[in-house]
There are 2 protein chains.
Amino acid sequence: MTSRPFHHGNLRAVLLDQAEQTLRERGIDALSLRELARKAGVSHGAPRSHFVDRQSLLDALAERGFNRLAGEVEAVMASDAANYRQRLRAAAAAYVHFAVTDAALLDLMFTAKNGNPPEGLRAASGRLFAAVGDLIDQSIAAGELEPQDPHRLQLLFAAVMQGIASLVTSGRISAQDGDSLIDDAISLLVRA
Amino acid sequence: MTSRPFHHGNLRAVLLDQAEQTLRERGIDALSLRELARKAGVSHGAPRSHFVDRQSLLDALAERGFNRLAGEVEAVMASDAANYRQRLRAAAAAYVHFAVTDAALLDLMFTAKNGNPPEGLRAASGRLFAAVGDLIDQSIAAGELEPQDPHRLQLLFAAVMQGIASLVTSGRISAQDGDSLIDDAISLLVRA
DNA sequence: ACCTGAACACCGTTCAAGT
DNA sequence: ACCTGAACACCGTTCAAGT
């Protein structure tokens, strides 16, 4: 039973899990296909069956990151918090928390890509921005935000969250300062 | 005269210039010390005399990036634009322009560092944030911004610029949308 | 369909040696 | 002080071959 094909049907997932951990603990430069294969107990050529090259694995990691973060924002919308200001804060807090615990992954998600991203990655990032957009729309509908131009408000909120996260991951400000900044930003948006 | 030491005293600068160009044209993955040495016409071990390792060269590139961007923000402050709203817009526009023309470099400047950054890099990034801070302070003094909490306003402005730049470099929005977002963000801050 | 293992080209880093 | 060139370990990628 425990014969040769240690992984059957799930090597891809095993590689991604291990890669995510390595990314978190030692950064992107320490991420190599060969080491992942070694840790998974397969030959160095095995990953090729699931990822055509290293960039393909990085794209898959970014895709998982977007889906996870999108899921958290969607969870905020499904919560029973009546106050939309609280929802905006919760979504932004999730964003900053992600930036703190998975800085290298967030970098990867927002790194300048040379070519066009694969479809799965595009869809995943789209899901995140759609979730943020829905949250803004709902906040407007609840009268918490000015109805002005919803699309612009969505982008602005996304930019503020990404900017705060970026300052945190790059070590410019602490996670605590990041949370304070969220409050300031939301106060500004809500009041506007 | 044109004997052996092709570069004497300026190999470091030659390597950095070439590296910056490669970074711009082919991204960070295409940046190798050996190729830089080849293009400079020196042996592959020569860069070692100026950069202890690859990360050290990347740090030097980031440092130059921060200094260049800081210089542009400082130039905005030294300009004769009487209107501080225009100054804020000009500073933010310079930031977005930098993001568009040197996306990979901006990524490098705000990448999560594993260890503590070297002193020169710290100083250069400090110079940028100090320049942004001064601009905000002057805008407050000119009555363009509410005096509230200057430090928070500085961070918020920095976060918004970095966030918009990040959305642009990652291809989420166009440079044009980035400029529109700047207007929206500044309107929000000025009105507040 | 998935994995093995040899092969190739390239890289970062170290270091003794040259000038 | 700066550069050369050999050496080492590691890597991404390709590909014929196995099961």
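Could you check the range A:156-175 and list, in sequence order, the residues that are farther than 19 Å from residue B:150 by Cβ and either surrounded by fewer than 18 Cβ atoms within 10 Å (Cβ to Cβ) or without any contact (Cβ under 8 Å) to a residue 40 or more places away in the chain (or both)?
Listed by number, the residues that qualify are A:156, A:158, A:159, A:170, A:171, A:175.
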Please go through the range B:1-41 and give me each residue that is at pLDDT 95 or above, in a loop (DSSP other than H, G, I, E, B) and out of contact with any Leu (no Cβ under 8 Å at 6 or more places or on another chain), ordered by number.
B:27, B:32, B:41
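What is the residue count in the range A:3-36 for residues that are touching a helix residue (DSSP H, G or I) at 6+ places or on another chain (Cβ under 7 Å) and more than 7 Å from DNA strand C (Cβ to nearest atom)? Break it down stepwise before answering.
Pass one, the range A:3-36, residues touching a helix residue (DSSP H, G or I) at 6+ places or on another chain (Cβ under 7 Å): A:7, A:11, A:14-16, A:18-20, A:22-24, A:27-28, A:30-31, A:33, A:36.
Applying the additional criterion that residues be more than 7 Å from DNA strand C (Cβ to nearest atom) yields A:14-16, A:18-20, A:22-24, A:27-28, A:30-31, A:33, A:36.
Looking only at that region, the number is 15.
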Any pair with Cβ under 7 angstrom, 6 or more apart, that starts in the range A:35-54 at a residue that is more than 14 Å from every other protein chain (Cβ to nearest Cβ) and ends at one that is within 7 Å of DNA strand D (Cβ to nearest atom) and outside any helix (DSSP H, G or I):
A:37/A:44
Options B:70, B:78, B:62; residue that is under 27 Å from residue B:91 (Cβ atoms) and touching a Pro at 6+ places or on another chain (Cβ under 9 Å):
B:62
Would you be able to tell me the number of residues in the range A:135-144 that are under 19 Å from residue A:159 (Cβ atoms) and without any contact (Cβ under 8 Å) to a residue 60 or more places away in the chain?
4
Residue in the range B:24-47 that is within 30 Å of residue B:191 (Cα to Cα), surrounded by 13 or more Cβ atoms within 10 Å (Cβ to Cβ), under 15 Å from the mean Cα position of the chain (by Cα) and not hydrophobic (A, V, I, L, M, F, W, C) present
no
Run residue B:80 past the list (1) more than 11 Å from DNA strand C (Cβ to nearest atom); (2) assigned to a helix (DSSP H, G or I); (3) not small (Gly, Ala, Ser) and report the number of the one that doesn't hold.
(2)
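Does the range B:136-163 hold any residues that are under 19 Å from residue B:109 (Cβ atoms) and of a type outside the set (Val, Ile, Thr), and which are they? Write out each step before concluding.
Of the residues in the range B:136-163, the ones under 19 Å from residue B:109 (Cβ atoms) are B:154-155, B:157-163.
Those that are under 19 Å from residue B:109 (Cβ atoms) and of a type outside the set (Val, Ile, Thr): B:154, B:155, B:157, B:158, B:159, B:161, B:162, B:163.
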Can you tell me which residues in the range B:139-155 are within 12 Å of chain A (Cβ to nearest Cβ) and either buried (at least 19 other Cβ atoms within 10 Å of the Cβ) or closer than 11 Å to residue A:188 by Cβ (or both)?
B:145, B:146, B:148, B:152, B:153, B:154, B:155
Within the bounds of the range A:167-188, is there any residue that is on the phi > 0 side of the Ramachandran plot and at pLDDT below 95?
yes
Qualifying positions in the range B:183-192 - surrounded by fewer than 24 Cβ atoms within 10 Å (Cβ to Cβ) and in a helix (DSSP H, G or I)
B:183, B:184, B:186, B:187, B:188, B:189, B:190, B:191
Please go through the range B:79-116 and give me each residue that is without any contact (Cβ under 8 Å) to a residue 60 or more places away in the chain, within 11 Å of another protein chain (Cβ to nearest Cβ), surrounded by fewer than 20 Cβ atoms within 10 Å (Cβ to Cβ) and aliphatic (A, V, I, L, M), ordered by number.
B:112
Quick one: residue B:158 ticks every box in (1) within 11 Å of chain A (Cβ to nearest Cβ); (2) in a loop (DSSP other than H, G, I, E, B) bar one, so which box is it?
(2)
Filtered residue count, the range A:42-100, keeping only those that are among the acidic types (Asp, Glu) and either at pLDDT below 95 or more than 16 Å from DNA strand D (Cβ to nearest atom) (or both)
4
What's the number of the condition residue B:119 fails, among (1) at the interface with chain A (Cβ under 7 Å from one of its Cβ atoms); (2) free of Cβ contacts under 8 Å to residues at least 12 places away in the same chain; (3) within 20 Å of the chain's Cα centre (by Cα)?
(1)
Is it the case that some residue within the range B:57-68 is without any contact (Cβ under 8 Å) to a residue 60 or more places away in the chain, under 30 Å from residue B:162 (Cα atoms), more than 14 Å from DNA strand C (Cβ to nearest atom) and exposed (fewer than 14 other Cβ atoms within 10 Å of the Cβ)?
no
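The values are calculated or read from the model by the stated rules, or taken from the named source; none is laboratory data. Because the structure is a prediction, the values reported are computed rather than measured. Here the Cβ is made from the backbone with ideal geometry for all residues, glycine too, and neighbour counts use every protein chain on show.
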